[in-house]
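For reference, the structure is listed below as structure tokens.
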Amino acid sequence: MAVDLLLGLQWGDEGKGKIVDVLTKNYNIIARFQGGPNAGHTLVFNGKKHVLHTIPSGIFHDDATNLVGNGVVIDPVIFKGELDKLEEQDIDYRKSLLISRKAHIILPTHRLLDAASEAAKGKAKIGSTLKGIGPTYMDKTGRNGIRVGDLELSDWKERYRTLADKHESMIAFYNVDINYDLSKLEEEFFEAVDILKSLTFIDSEEYVYQAQKSGKTILAEGAQGSLLDIDFGTYPFVTSSNTTAAGACTGLGVAPNQIGEVFGIFKAYTTRVGSGPFPTELFDEDGETMGRVGHEFGATTGRRRRCGWLDLVALKYACQVNGVTQLNMMKGDVLSGFKTLKVCTAYKYKGDVIEHLPYNIEPENVEPVYTEMKGWEDDLTTMTDASQFPKELNNYINFLEKELQIPITIVSVGPDRKQTIFRK
Ligand code: GDP
Ligand code: IMO
Ligand code: MG
């Protein structure tokens, strides 16, 4: 069986966790393939909200297996916190959660390095979640990292010490004011590593291969969004992994010709948290309304998300690099009550009008060209079928489908599992 993918098409927080949870009933295995605890995936059902950072969003379904793939970076301390929360909900994760031996471990000193690097950058900071993501992937590509499988080796603590000592000298080199008590951080780290070691570690690429061969259905869950991709995002204001479809191949060991459906998920408007360019960002009452009605605060850091109109230039680009086959439009309910909606369909760029994402989208070079549409008044949150949609919402959806040439198969009208409408 081919592996299906679900990916964010914007700057993250599109609602990936919600839709993976909704789709899990159609799959045997849900697999995260990149990122780490910088992600915050929110699920809402039975009146309760759950936020997952490293654990795949299929974990609340009894009959699904959840795999943390080799492309993921794991902070044992945060992972333990997630497991504790699952235990409170009586979720029996021991039989349904598998971890790739090739996933890399985030050390306490990776987090400190992240903080030191950001402090040293000053105003040019990335706006990292400070979870140690960048430094951990740097050690991965620099061939210094510690992997989950290493925890099974007798000398892993010596390797840990060598790497942590090196990190400490790097932190000192930054010459910034970072206060820390490493022995305290190590105490909770080693305790969490012991919990991690009690879980099932596997050779995940072999597991995925055999699962495919035996006809099991697999959904790969992305983290972050395409515009945060290390290659295709708004570099350097990006994360340190490939968040796009190719990342699922390297992050799980799936061959490119084994990819099936690619679900591309986007908000009906745009948000971004952290630094970096955002051409359609709003600094007025409309942006404030989106943030307030959409509760646009980060699920991991609590930071306020910047808000703006939908950017079709960027969205088309994301559909292109991912080979999106179906679109899922989230948070349309947040746009109810706007008299006029704007959608960016081109950029004025250095005197020209262009419809593709150029190398640089810094504000001094880019001015969005907008198409205006009439908004809708109706509250969408209680709707259960697309036949109830107001005509202005249908116009909005039809316009996007025409521009993107990809069907919008799911429209989400609220955070709850139930507030999900499938279109023909
Ligand atoms: P993820 O990182 O892509 O999983 O998304 P986040 O969980 O970080 O952010 C999405 C936020 O929007 C969460 O608070 C969700 O509960 C919420 N959400 C998801 N879909 C909808 C929707 O259709 N309408 C509204 N109002 N909220 C939604
Ligand atoms: P989910 O999976 C939104 C952003 C950070 C920062 C940049 C780099 O919930 O969609 P990092 O910690 O990776 O070094 O931060 O990327 N970022 C996210 N923004 N959603 C996320 O994940 C994000 N993960 C990282 O805000 O700008
Ligand atoms: Mg999120």
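The values are calculated or read from the model by the stated rules, or taken from the named source; none is laboratory data. This is a predicted model, so every value here is computed, not measured. With ideal geometry, Cβ positions are generated from the backbone for all residues, glycine too; neighbour counts draw on all protein chains shown. For accessibility, only protein heavy atoms count, side chains too; no ligands or nucleic acids. Shrake-Rupley method; radii C 1.70, N 1.55, O 1.52, S 1.80 Å.
Count the net charge of all other residues whose Cβ sits under 13 Å from the Cβ of Lys350, scoring Lys and Arg as +1 and Asp and Glu as -1.
-3
Per residue, how much accessible area does the chain have with a 1.4 Å probe, in Å²?
The answer is 43 Å² per residue.
Have a look at the DSSP beta bridges in the chain and tell me what percent are antiparallel, nearest 5.
40 percent
What is the extension gain from Ala2 to Asp194, computed as 0.36 nm multiplied by their sequence separation minus the C-alpha to C-alpha distance, in nm to one decimal?
65.6 nm
Once phi is turned into θ = phi - 60°, what whole-Hz ³J(HN,Hα) does the Karplus curve with 6.51, -1.76 and 1.60 give for every residue of segment 308-318, x standing for Gly and Pro?
Per residue, the Karplus-derived 3J(HN,Hα) values read x, 6, 5, 10, 6, 5, 5, 5, 4, 4, 5 Hz.
Which percent of the accessible area of segment 54-115 is formed by carbon and sulfur heavy atoms (probe 1.4 angstrom)?
Carbon and sulfur: 44 percent of the exposed surface of segment 54-115.
Extension gain Asp92-Val293, at 0.36 nm per residue separation less the Cα-Cα distance, in nm?
That works out to 68.9 nm of additional length.
Between segment 266-286 and segment 1-48, what is the C-alpha centre distance in whole Å?
Result: 22 Å between the Cα centres.
Using a Förster distance of 35 Å, how high is the FRET efficiency between Thr381 and Gln210, based on the Cβ-Cβ distance and rounded to 0.05?
For Thr381 and Gln210, the calculated efficiency is 0.25.
With θ taken as phi - 60° and the coefficients 6.51, -1.76 and 1.60, list the Karplus ³J(HN,Hα) couplings across segment 208-220 in order, rounded to whole Hz; mark glycine and proline as x.
5, 4, 5, 5, 4, 4, 8, x, 6, 9, 10, 10, 8
For Cα pairs less than 8 Å apart in space and 6+ apart in sequence, what is the mean separation divided by the residue count of the chain, i.e. the relative contact order in percent?
21 percent
Leaving out ligands, DNA and RNA, and with a 1.4 Å probe, what % of the accessible surface on segment 267-422 is carbon or sulfur?
Of all accessible area on segment 267-422, carbon and sulfur atoms account for 50 percent.
Give the long-range amide H neighbours of Gln10: residues separated by 5 or more places, or on another chain, with amide H under 5 Å away, using H modelled in the peptide plane at 1.01 Å from N.
Amide H neighbours of Gln10, under 5 Å, 5+ apart: Ser226, Leu227.
Rounded to the nearest 500 deg cm²/dmol, what is the calculated helix-only ellipticity per residue at 222 nm for the chain, with -39500 (n - 2.57) per DSSP H run of length n ≥ 4?
Computed mean residue ellipticity for the chain: -9500 deg cm²/dmol.
Extension gain Val353-Phe45, at 0.36 nm per residue separation less the Cα-Cα distance, in nm?
106.4 nm
Pick from Leu357, Leu130, Leu98: which is most flexible by mean-square fluctuation in a GNM of the chain where alpha carbon atoms under 10 Å apart are linked?
Maximum fluctuation in the GNM of the chain, among the listed residues, is at Leu357.
Given the pairs Lys48/Lys131; Lys80/Lys131; Lys49/Lys197; Lys102/Lys197; Lys339/Lys391; Lys16/Lys267, which span a C-alpha to C-alpha distance of over 18 angstrom in this model?
Table pairs above 18 Å Cα-Cα are Lys48/Lys131; Lys49/Lys197.
When you count, for each residue, the other Cβ atoms within 10 Å and take the mean per peptide, how do 26-37, 343-354, 268-279 rank with the highest first?
Order by mean packing, descending: 26-37, 268-279, 343-354.
Rounded to whole Hz and in sequence order, give me ³J(HN,Hα) for segment 108-117 from the Karplus expression 6.51 cos²θ - 1.76 cosθ + 1.60, θ = phi - 60°, writing x for Gly and Pro.
x, 6, 5, 5, 5, 5, 4, 5, 5, 5
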